[in-house]
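Below is one structure, written out as structure tokens, with a few remarks after it.
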Amino acid sequence: MSSSAHTAVATPGVPRLAQHFASLEVQNHAARLGMWLFLSTEILLFAGLFVCYGCYRYLFPEAFAAASRHLDLTMGTVNTVVLITSSLTAALAVHYAKEGKSNLVALMFGLTIAMACAFLVIKGFEYSHKFEEGALPGPYYRMQAVQLPGVPLYFTIYFLATGLHAFHVIIGMSVLVWLMIKAIRERNFGPNNYTAVELGSMYWHLVDLVWIFLFPLLYLI
Amino acid sequence: MSNLADKILFLPERASTFAEKVDNLHYFVVGVTMVSSIAVGLAALFMFFRYRRRTPNQATEYVVPNLPTEFLFVSVPLVFFLLWFAIGFRDFVFYTTPPKDTYDVYVMGKQWMWKFAYPEGPNGVNVLTVPANRPVRLLITSRDVLHSFYVPAFRIKMDALPGRYTQAWFEATKPGTYQVLCTEYCGLSHSKMLAEVVVLSPEDFEEWLKDQKRGRLAGRQDALADTSLVPPVARMAEQGQKLAGSQGCFKCHTMDGAQHIGPTFLGMYDRMEKLEDGKTIRVDEAYITQSMMDPGAHIVSGYKNVMPTFQGKLQGAETAAIVEFIKSLRTANVREGASQGPAYEPIQ
Amino acid sequence: MNPSSSTTAEGVLPAHDAHDAHHDHPSYLVDGTTIKSWLLTVDHKRIALMYLVWILLFFLVGGIFAMAIRIEMLTPGPTIMDAMTYNRTFTLHGMIMIFLFMIPAIPAVFGNFVLPLMLGAKDVAFPRLNLASLYIYLAGAFLALWGMLNGGLDTGWTFYTPYSTHTTTTVAPVLFGAFIIGFSSIATGLNFIVTIHTMRAPGITWFKIPLFGWALYATSCIQVLATPVIGLLLVIVSGEQLFHFGLFDPARGGDPVLFQHLFWFYSHPAVYIMVLPAFGVMSEIVATYSRKNIFGYRAVAYSSLGIAFVGFFVWGHHMFVSGQSTFDAGIFGVLTMLVGIFTAIKVFNWVGTVYKGAVEFRTPFAYFCGFLFFTVFGGMTGIAVATTSLDVHWHDTYFVVAHFHFIMVGATIMAFLAALHYWFPKMFGKTYHEGWGLVSAALIILGFNATFIPQFLLGNYGMPRRYFEYPERFQALNVASTAGSSLLAFGFIIIAIYLTYSLAYGRASGQNPWRSKGYEWLMASPPPTHNFVGPQPTYPEEPHFYVDPKKAEVPDVV
């Protein structure tokens, strides 16, 4: 009965080689290439939203500028710093994985996850503030402070973009939790076995990168 | 010769200056397509025969294309494709650039009819009257969803967008009646959203205009996106349509001339109706209002006395709005006689 | 029949015939006979077969709706259904055919089955992802079908706003189902790209990859890059229909033309997802049945990449009369002409392959003939509609319908049927009756012409698309088209019958009934579970190298 069968018992520090790959090197190369391709799909997913943003910003410049000023810049900046730092800890996790220090890998990922939680909590505060103010998408918009044509569109894009991003933050967190558990349980990472950590970290960097584009577009300009 | 081509290709008659250009390029493209398809086909068939397999494991020569051959294969089609693009784009620019002094008409598509309004007066539902040999510009918008204004005989088409104006222009070359079809799927009766362009000779058109102005037609219809410019009467017509929907009038009265339980609203206003008791009556504001309040008083001959009364259900202003709505459904088709079947006959 | 030729150019793998393989190394078909061994397989060949079953089933459903449309079009007024049902029917036909059939068909079935064989690999790069893509596809398909049959969509497969956000028919499940299917498409594309990059046997350099591989590579690039955009759009429109945020609704400041841009940014490259694999299949078939190297291998390979690349920049040719600017129309128009050139290159190279070849006229080659005519004619009419001034008349009429059916059915489905017949022995180790194959190919080609040529004329005449009732003057051509479609349907039915019969009672085919030198024929037919046993095969020559080794030296590969 066939499956992507493993070779013999897993040896510590060496990942299992799937049967259909010619060598471990090929397997790692394939995994990395696959992840890069997947990341490119994520970029294109957000690209559609950026196009919508660009189009409507061009059509409603005052409304977008006014609405943008009503976002909480402090919370947004804190979130940015938090996320960038979490990218740092994720990168450090890869570094420690290459050195075989699985404990530190788990710690770094733990920090990353904690910071991601902080990001989501701050985002939650921002959202609830918007619900109170009435800065909601489309027909639900009732914020008296900014009443220009096109403002509800701004908030539609705001909620769609940040919501989709938050969804990806959660996915990223789940991946990192899994990696953290793997680090604690198997203690297996080493110079020949860090691909999983690398891929998870790559995904997290993408999540961070999307925010780095979202933040200026929504909060700064 | 081109008549034969038109017959084979099922091309409709050419009735605009743009149509001439389009069809000339069309003949060019179709001709080359036919020739090249046949050439490729014949070459292939010849080679299937000439190079048929003679032994089961027959070896073959390793043929490599030389650069001049590949270059030829690429450049010949490229030359044709770019030539067609150039001619086509030149004609497209002609189509999208109306000349300076066009005769403007506002076109509004809505589910599922076309309304036309002229700046200085008459309007029509589903019939657009224009002069021949004069550039006419259509300013097209939609009331609800996407529609598309297509006149095959003129070879013109332009989408009708809600919230925006698009434009198309044409110069009709001969008097006649040409069909308009909606070419962007817009819901249930998309395929019934037909209209006509009636092209009159310049003198006949002047006559028609004078006739319309003499008539009791109201001002510009609500074909404008900026509703603050719309005269109050037309806004009442909008309100009236909403009421007619919510009060259930459309259960028995159609808007498009089709026969139903009650007389159709299309062309109802100012119609001479024959009543059950043999008298004739002109359908004016008074009669319509009376029909809403006391429907059994004067019933059009041939129809049953099943209309409920709306006394107490409609305010004065609301009945007036419904009257304005019915007035807005006037057609330019002049029809004598009482309600009997569709007011609009499609063109063959 | 001698399963392999006697020259050593076949490759080092000794010729196991089906009999041997059956004993020591069972074929993938019988290696594991429980339901679980099929449902949880990671063998690319079994996954391909499961895809085949479902894809054919969905094709049948889409085809039934097509017949319903044609029967309804027999008379100018209502024939067998009312307007709302008809609007749903053509929407269903489009949705099913495009998302459930055309996009996955050749890649998910034949790509999955044949690509690893062609590359000398044991499987694709991510076999479990492959299995997941099948189940994702089925999940999305069932959700979409459920939605369509429960108050289903009537917007047309293009679901333009604002109608799609205002219609009272069921939008969200159908669009969300299509969104889910998108993930399957991305997964397949990703898998193929990584497979081609990392799992080629030693000796298979980039320019020895069979042309079907190049075609799949280009297709996969498009799948990976374009699908996310429509995915986002599908989610947004589903949300719009439920919550009416107004992103594309002019009443709230939205722009319906923005929707069209986002929609066609995917949907134009999508048509290349549908046609590039077909081109790849045909490159293989023409080489095998002409028993000759493909003429201009590199040109064909590069043209696949060229189509994929330029195809991303031409979407606006669907929007010439949408209110788009004249300048944009010009840019999109001229770029579309360039895409046509790449297809012309392929056509010349296929015909050039037959030149000085040794043609054996078998069923797949019969499909190639139909395919060649339909590609040239359909492609040229594509160039014609891309000509901006002509498209003003033809946009959204039956001319466009005929054009895309010429390519989608005339090119892609011909290629699908050709692939089915060509790789039937590879997949099942059996042959089918050649006479029935040729008869049904003829029926399909004739029926197809009879169905869709009248539709070109209908478009010229001025009949718009998606018309439930139509003015009487269009009736004669519609009747002609319906008559042709029944011939077409009949052809498909015959194929279904004899191929099913051959599955059970067909004669054993041997490893290489076509005496082809394509790489996939170096392995047993049907292959064992891991494609080959023993050492990795080597590939001293390029695929489809039919030169007599005793002859003089061969010029350098171009």
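All of the numbers you see were taken from the coordinates with simple rules; none came from a lab. Small disclaimer: the values here were computed from a predicted structure and weren't measured. Using ideal geometry, Cβ is built from the backbone for each residue, glycine included, and neighbour counts are taken over all protein chains shown.
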What is the set of long-range amide H partners of residue B:104 at a cut-off below 5 Å, with H atoms built 1.01 Å from backbone N?
B:137
Cross-link candidates for residue A:101: which aspartates and glutamates have Cα within less than 20 Å, leaving aside residues fewer than 8 places away along the same chain?
A:186, A:198
Roughly what % antiparallel, to the nearest 5, for the DSSP beta bridges in chain B?
70 percent
Fraction of beta bridges assigned by DSSP in the protein assembly as shown that are antiparallel (%, nearest 5)
70 percent
If I model a spin label as a point 7 Å beyond the Cα along the Cα-Cβ vector, how far apart are those points for residue B:261 and residue A:220 in nm?
6.5 nm
Name the longest site-free stretch of chain B, where the excluded sites are GluC sites (Glu not before Pro) in a DSSP loop with no more than 16 other beta-carbon atoms within 10 Å.
B:121-275
Note on chain B: contact order normalised by length, alpha-carbon pairs under 8 Å, 6 or more apart, percent, works out to 15 percent
Restrict the search to segment B:261-292; then list the trypsin sites (Lys or Arg not before Pro) that DSSP places in a loop and that have at most 13 other Cβ atoms within 10 Å of their Cβ.
B:279
Of the listed pairs B:110/B:157; B:21/B:174; B:251/B:327; A:98/A:123, which have alpha-carbon separations greater than 26 Å here?
A:98/A:123
For a test of understanding, tell me how many lysine pairs in chain C have Cα atoms under 12 Å apart, given they are 8 or more places apart or on different chains.
4
Can you give me the C-alpha center-to-center distance between segment B:298-317 and segment C:79-109, rounded to a whole angstrom?
46 Å
Distance in nm between pseudo-label sites at residue B:39 and residue B:204 (7 Å out along the Cβ direction from Cα):
4.7 nm
Förster radius 51 Å - calculated FRET efficiency between residue C:533 and residue C:85 (Cβ-Cβ, nearest 0.05):
0.35
Which part of segment C:194-226 falls in the paramagnetic zone of residue A:23, meaning amide N under 20 Å from the point 7 Å along Cα-to-beta-carbon?
C:194-206
Along the Cα→Cβ direction, 7 angstrom out, place labels at residue B:100 and residue A:99. What is the inter-label distance in nm?
8.0 nm
Per-residue HN-Hα couplings for segment A:176-185 [Karplus 6.51, -1.76, 1.60; θ = phi - 60°; Hz; x = Gly/Pro]
5, 4, 4, 5, 5, 4, 4, 5, 5, 6
Pairwise centroid distance, computed over Cα atoms, of segment A:11-44 with segment B:53-111, Å
43 Å
Förster-model FRET efficiency, 22 Å R0, residue C:33 and residue C:60, C-beta, rounded to 0.05:
0.25
